[in-house]
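Novice: Can you read through this structure? Questions will come right after.
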Amino acid sequence: MSGARSRLALAKILPLEGRLHLGTAFATRDNVAVTAFHCLSRDDNPGEVVVPHPTLEFNPGGKRVAASFEEGDPAEDWAVLKLGESIPGEFRPIALCTEVQDGEVCRCLGFPQDAEEISRFPEKVTVLDTEAEIEGARVLTLHGEAAAAGMALHGMSGSPVLLKGAQEEAVGLLRRHLPRIDDPEMPAGGKLFACPTALFSGAAILNAELPEEGEQGHIERLRSAAGLGDSGAAARLGHLLRARGEAEAEAWLEQAARAGDAAAAFALGRMLEQSQRGAEGRVWIRRAAMSGDIAAAATLGVRLRQEGRNDAAIDWLERATESGDAMAAHTLALIREEYGDLTEAERLQRYAAERGDPRAALSLARMLRERDRDEAIYWLRRAATVDPDAVRELEALGVGLA
């Protein structure tokens, strides 16, 4: 039976009160699934489960399975469901993995309401930050390609964030997007947030069934798979060992990079830079950027600007900006300002500030200060959460943080 279980165990949480569906869930064992807590609650009462007994429809196929809420955390936005029967035999449970690094390319697989005609929709995402927080809860910050292109992802809440590789593992579940200022229903710059697997992997019903492997066992399993040529395993092993400061990471990242993994190439380039092998590192960063890695393109553009090569930097910064990278937009704005194009510089700073870059918010506030004091104060307050210069400028204007 296991050889035939090729489909990942993804399900729609069935409709309530006219909604197309409540979100996405995925099975981690034959009789356990997880989703986002808010899929089972209401906006006016987010801390209470109002759908304690959802029905899951596994797709493709449409097999329905009754479920019941077991435990969860509304602040961290995860919920564990116990299934009334085992998932359909053709579906494969999705294993959980707690190791993920900045720059890794993953995919979210779920059921957006704007694409009901598609059985399962894959959203390619890049991990931007593994240590961000939303209202005190740790999140994975992601950049989604379809979201950046303007697609609403309503209905994909609860979707697994899947690592690349022969055995796709979930490192988190999708919870929300960064709302645009002009349209809160749409994600700003394609920025998405996910609940890391580490926050719910200790749930009793999951913990009782998970093997006691430990980090070293996980590393050995990855090493074995990578040694057999699994480039996805090589990438994850390389990222993990690099985070631990181990030199062995270089070989595994290079294996994955040579197989076409742009995130691994970028990580390898950064690792070589940090070990004083800057010329080699630049080769891999450029290779990653040419393969479409957003962070690599932004980094390459910033490096070129730091070297005074503004004209060479512009193309890379424009590529990254078009993909929603705030750091690239801010840096490109500085170049445009130096070239005297103040209108374009302001547009780019606003673009970056709306996507959460505090340096851009501060720069935009300075541009607006004489023309629109109220808006300048707004952006200074946005920047002041992390930038002491913004705090000082607010004090100089005689206003506070709120």
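The values are calculated or read from the model by the stated rules, or taken from the named source; none is laboratory data. All values derive from a computational prediction rather than experimental measurement. Cβ coordinates were reconstructed from backbone atoms using ideal geometry, including for glycine residues, and neighbour counts include every protein chain displayed.
Novice: With a cut-off of at least 2 residues that are more than 14 Å from Arg176 (Cα to Cα), touching a Gly at 6+ places or on another chain (Cβ under 7 Å) and of a type in the set (A, V, I, L, M, F, W, C), name the strands (runs of 3 or more DSSP E) lying wholly within the stretch 82-159.
Specialist: Correct list: 121-134.
Novice: Can you say whether Leu272 is crowded, with 17+ Cβ neighbours inside 10 Å and in contact (Cβ under 8 Å) with a residue 40 or more places away in the chain, as far as the supplied structure shows? Give the steps one after another, and end with the answer.
Specialist: Working: crowded, with 17+ Cβ neighbours inside 10 Å: yes; in contact (Cβ under 8 Å) with a residue 40 or more places away in the chain: no.
Spelling it out, it is not the case that Leu272 is crowded, with 17+ Cβ neighbours inside 10 Å and in contact (Cβ under 8 Å) with a residue 40 or more places away in the chain.
Novice: Here are some residues: Ala320, Ala345. Which one is surrounded by 16 or more Cβ atoms within 10 Å (Cβ to Cβ) and over 30 Å from Gly136 (Cα atoms)?
Specialist: Ala345
Novice: For the stretch 160-177, name all the residues that are out of contact with any Leu (no Cβ under 7 Å at 6 or more places or on another chain), assigned to a strand (DSSP E or B) and under 23 Å from Val32 (Cβ atoms).
Specialist: Applying the first criterion (out of contact with any Leu (no Cβ under 7 Å at 6 or more places or on another chain)) to the stretch 160-177 yields 163-167, 173, 175-176.
If we keep only those that are assigned to a strand (DSSP E or B) as well, we get 163, 173, 175-176.
Leu163, Leu173, Arg175, listed by residue number.
Novice: Restricting to the stretch 304-317, what's the tally of residues that are crowded, with 20+ Cβ neighbours inside 10 Å and charged (D, E, K, R)?
Specialist: 1
Novice: Just to be sure before I move on: is Phe266 assigned by TED's automatic domain parsing to the domain that holds Leu162 and among the aromatic types (Phe, Trp, Tyr) in the structure I sent?
Specialist: no
Novice: Can you tell me which residues in the stretch 228-263 are modelled with pLDDT of 90 or more and part of a helix (DSSP H, G or I)?
Specialist: Hits for the stretch 228-263 are Ala249, Glu250, Ala251, Trp252, Leu253, Glu254, Gln255, Ala256, Ala257, Arg258.
Novice: Residue under question is Leu334, and the condition is that it be among the aliphatic types (A, V, I, L, M), modelled with pLDDT of 95 or more, in a helix (DSSP H, G or I) and surrounded by fewer than 21 Cβ atoms within 10 Å (Cβ to Cβ); does it hold?
Specialist: Yes, satisfied.
Novice: While we're on this one: Considering each residue of the stretch 299-327, count those that are part of a helix (DSSP H, G or I), over 21 Å from Leu268 (Cβ atoms) and small (Gly, Ala, Ser), and give that number.
Specialist: Of the residues in the stretch 299-327, 3 are part of a helix (DSSP H, G or I), over 21 Å from Leu268 (Cβ atoms) and small (Gly, Ala, Ser).
Novice: Right, next: Filter the stretch 297-342 down to the residues that are closer than 22 Å to Ala257 by Cβ and touching a residue at least 60 places away in the same chain (Cβ under 8 Å) and list them by number.
Specialist: Result: Ser323, Asp325.
Novice: If you take the residues in the stretch 377-399 that are of a type in the set (Gly, Ala, Ser) and exposed (fewer than 13 other Cβ atoms within 10 Å of the Cβ), which one is nearest to Arg359 (Cα to Cα)?
Specialist: Top of the filtered list is Ala396.
Novice: Kindly indicate which of Phe111, Phe69, Phe58, Phe91 is free of Cβ contacts under 8 Å to residues at least 40 places away in the same chain, aromatic (Phe, Trp, Tyr) and buried (at least 17 other Cβ atoms within 10 Å of the Cβ).
Specialist: Phe69
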